[in-house]
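Worksheet for the structure shown next.
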Amino acid sequence: MPNTTILWFRRDLRLDDNPALLAALADGARVVPVYIHAPDEEAPWTAGATSHWWLHGSLLALDQALRQRGSCLWIARGDSLGELRRIAALTGATQVRWNRLYDPVTCERDTHIKQALRGDGLHCASHNAALLFEPWEIRNGSGQPYRVFTAFWRACVKQLHQLQPQPAPAALPPVHDLPASLTVADLDLLPRIAWDQGLRETWTPGETSALQQVNAFLNTQLNDYGVQRDFPAISGTSRLSAPLHFGEISPRRLLAMLRERGVDPLTDPWMRELGWREFSYHLLYHFPHTTTEPLDTRFAAFPWRTDNSAELLAAWQRGHTGIPLVDAGMRELWHTGWMHNRVRMIVASLLTKNLLLPWQAGAQWFWDTLVDADLACNTAGWQWTAGCGADAAPYFRVFNPVLQGERFDPDGNYIRRWCPELARLPKAYLHQPWTAPASILTAAGIRLGSTYPAPLVDLAASRQQALAAWERIKITPK
Ligand code: FAD
């Protein structure tokens, strides 16, 4: 039996710059690429239906890329440890390798699996494919994890020069003598009711498509990113969050591609956003309780709304708040599984500050509906906006969706696209239809409360209410 290594794919669904794959090839003659679908092991953060949709496409693409190089993906379902043991017995494997995950649930599972397989006499090793730096490598002067982004990123950029991606192998050893595995279709990842048209129209999962997307972004949008990234009607950002989440593209590869184009990653604003991703993983790893609890412990006593909350949450989820920019964002999310970053901040601020609904409820909805749902980035994004996270926007900074709309969607193109019932409203009223005279509403074919909702809250009064709620917890010692 040739020396065999099991390569356990998880959220590293690529061949380029894949350290576990390269180490497996260096181990010896045969590599068995395996994917085990075990959603129960990720509970309570089992991926939502939108993430599963993406996963389906990404696994198909990975299998195809493996086949093009002479290998294939061996697919199983259920208990990961049991399946790894079964495959090891079938193949006579002596090694198991994988790339690390950093969320608390899978970290604990992986530690357990590593110990158990080592107990069976297998050599096990894990690698870093997802991040520029391991969360434990970056520490402040007193050896503690960072809580402030700027200082964290300053520490990271000093070390960026060390990082180099490794290319994908041109060929892989064949795995033709294995018994037939499940297929991607057997995993039942696609919706039974066809609600996924918007996803199909918007995305093509997989490594090849991710690479094309990066090239297109770097060639045409990177130069203007610093200016255009805040305008949701413009395609001014990379839309690489889902490929990054599923590991279809490596952050080290992105860094190298910037360098190849002569861009200085130390000062590049887009690279800095990748820095926020790193920081989010740093926080999740060091403060794992923050998936459900505020990092700023004062917020544990925050007086969230208890009355009417289910109705308000449902209106927010459906994009029926009566506040156009918020509704446009929530509908973009529902249709495409993605929402522009600025709009994410605005809808999150409305939920947590104007509606006084807990950030965890919003984070859960995003988790279920985003193609890029990522425990690190989602938790950090929600805690930041709610004002209870690291480096948080101060609680008293409440986004005003009308002013934000006038500034970042000045022509109303984003609102008109996602809220077509408002399309005929003149620009002057588009961001606050409730201020339009009756004659203008009638001329635009709008009946507030009927064809488009009246606003769910008074923005000014609810802002004051939020500030008063904050005053009540502010004095509690940290
Ligand atoms: P670009 O602007 O092109 O940025 C490049 C990459 O940098 C992104 O793909 C992403 O990986 C990373 N990045 C950018 N902004 C941030 C940020 N603020 N925090 C962390 N990483 C960032 N991002 C997710 O990937 N998954 C989530 O579940 C998620 N939930 C969020 C929830 C809220 C309330 C907020 C405010 C933000 C959230 N973000 C999340 C961060 C950000 O909105 C998305 O990463 C970004 O909109 C993705 O679009 P893009 O790929 O075009 O980004």
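Every read-out reported here was derived from the displayed coordinates using simple, explicitly stated rules and does not represent laboratory data. Keep in mind it's a predicted model, so treat the numbers as computed, not measured. Every residue, glycine as well, gets a Cβ built from its backbone with ideal geometry; the counts of neighbours run over all protein chains shown.
Brief remarks follow.
- Relative exposure of GLU248, GLU83, judged by other C-beta atoms within 10 Å (fewest first): GLU83, GLU248
- Counting every pair of alpha carbons in the stretch 178-331, the share spaced more than 25 Å apart comes to 55 percent.
- Loop-located trypsin sites (Lys or Arg not before Pro) in the stretch 162-247, at most 14 other Cβ atoms within 10 Å (DSSP): ARG192
- Cα long-axis angle, helix 207-220 against the chain (0 to 90 degrees, to the nearest 10): 50
- For the chain, share of DSSP beta bridges that run antiparallel, in % to the nearest 5: 5
- Shape call, the stretch 101-256: gyration tensor on alpha carbons, a/c limit 1.5: oblate
- Prolate/oblate/rounded label for the stretch 360-426 (Cα gyration tensor, a/c 1.5): oblate
- Sequence of MET257, MET330 once ranked by neighbouring C-beta atoms within 10 Å, starting from the fewest: MET257, MET330
- Annotation: the residues GLU260, GLU332, GLU406, sorted from fewest to most other C-beta atoms within 10 Å of their own C-beta, follow the order GLU260, GLU406, GLU332.
- Gyration tensor (alpha-carbon) shape descriptor, the chain, a/c threshold 1.5: prolate
- Treating each Cα of the stretch 408-478 as an identical point scatterer and summing with the Debye formula, the log10 of I(q)/I(0) at q = 0.15, 0.28 Å⁻¹ comes to -0.60, -1.25.
- Across the stretch 373-390, rounded Karplus estimates of 3J(HN,Hα) from the backbone phi angles (6.51 cos²θ - 1.76 cosθ + 1.60, θ = phi - 60°) give 3, 9, 4, 5, 5, 5, 4, 5, x, 6, 5, 4, 5, 6, x, 10, x, 6 Hz, Gly and Pro being marked x.
- Considering only ASN223, LEU357, ALA65, the residue lying farthest towards the positive end of the dipole of the chain is ASN223, judged by Cα position with unit charges set on Cβ.
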